[in-house]
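The next block holds one structure in the form of structure tokens; read it before the comments.
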Amino acid sequence: DCEVTEGCNFQLFPCPEKTLKGLQEAQYRLVTEIQKQTTGLALQGKDVLGAAKTGSGKTLAFLVQVLEALYRLQRTSTDGLGVLIISPMRELAYQTFEVLQKVGKTHGFSAGLIIGAKNLKHKAERINNINILVCTPGQLPQHMDETVSFHATDLQMLVLDEVDRFLDMGKTVKWKTWDQQVITERRPSGTL
Ligand SMILES: Nc1ncnc2c1ncn2[C@@H]1O[C@H](COP(=O)(O)OP(=O)(O)OP(=O)(O)O)[C@@H](O)[C@H]1O
């Protein structure tokens, strides 16, 4: 239901075979403009700031980059946190997680979703065993504060989805904590 670029499909990019298979199985063949503009850059390992209108396929654009980053590093499902995706709202985080499960299943990376404070202890026990964590801004600082074992020292990629909304909601996001524990020397990717 979004505008795809005729004649330009994911096969034209040097994506890993597993990613292409996942995309194909999820019925994504042609790329949208934002995917066309960002996929090549991401495959070169560059930082990306993407801006495109709602419904233009930004989610898939950064998820392809996420899979590429972990694939390149040959991460396995038990290697721990490699990518952190922060979404401003629960619904958005949930949708992202769903698309990730769909297109990423061929890779076999482990992924988790944290959108509520419920069962924090249970989640805390598992948080260090997952490769890709999708969460909302409120939950991350809480884990950092309360989960002694939580660390992001091996983080390879940070995705801030709808980063403009984070700036609007600056008061609820503990930027200082993030800056010290997560953002420093990591590979950022933002979407607007
Ligand atoms: N390459 C593609 N081919 C076909 N459909 C696609 C493609 N990429 C994304 N879509 C579909 O387009 C719709 C909108 O995509 P998506 O939600 O990623 O857009 P978005 O830019 O992230 O939107 P928002 O700004 O609202 O978060 C979804 O239904 C998604 O499945």
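Return 157, 89 ranked ascending by Cβ neighbour count within 10 Å, so the fewest neighbours appear first.
Values: 157 23, 89 15.
Going from least to most buried by this count: 89, 157.
By other beta-carbon atoms within 10 Å, ranking 135, 8, 15 with the fewest at the front produces 8, 15, 135. When each of 58, 46, 102 is scored by the number of other beta-carbon atoms lying within 10 Å, the sequence from fewest to most is 46, 102, 58. Annotation: amide H of residue 85 within the under-5 Å range of 133, 134, 135, 159, sequence separation 5 or more or interchain, hydrogens built in the peptide plane.
In the range 1-122, taking the dipole from charged Cβ atoms about the Cα centre, the farthest positive-side position among 104, 52, 10 is held by 104.
Charge tally for residue 25 (other residues, Cβ to Cβ under 9 Å; Lys, Arg +1; Asp, Glu -1): +3.
About the centre of its Cα atoms, the range 1-81 shows a dipole size close to 160 debye [charges on the beta carbon of Lys, Arg (+1) and Asp, Glu (-1) only; nearest 20 debye].
Counted residue by residue at 0.36 nm each, then reduced by the alpha carbon distance between them, the extension gain from residue 102 to residue 47 reaches 17.4 nm.
Read the figures in this text as sums done on the coordinates, not as results from a lab. In this text, all values refer to a predicted model and were calculated from it rather than measured experimentally. Because the Cβ atoms are built from the backbone with ideal geometry, glycine has one as well, and the counts that use them run over all protein chains shown.
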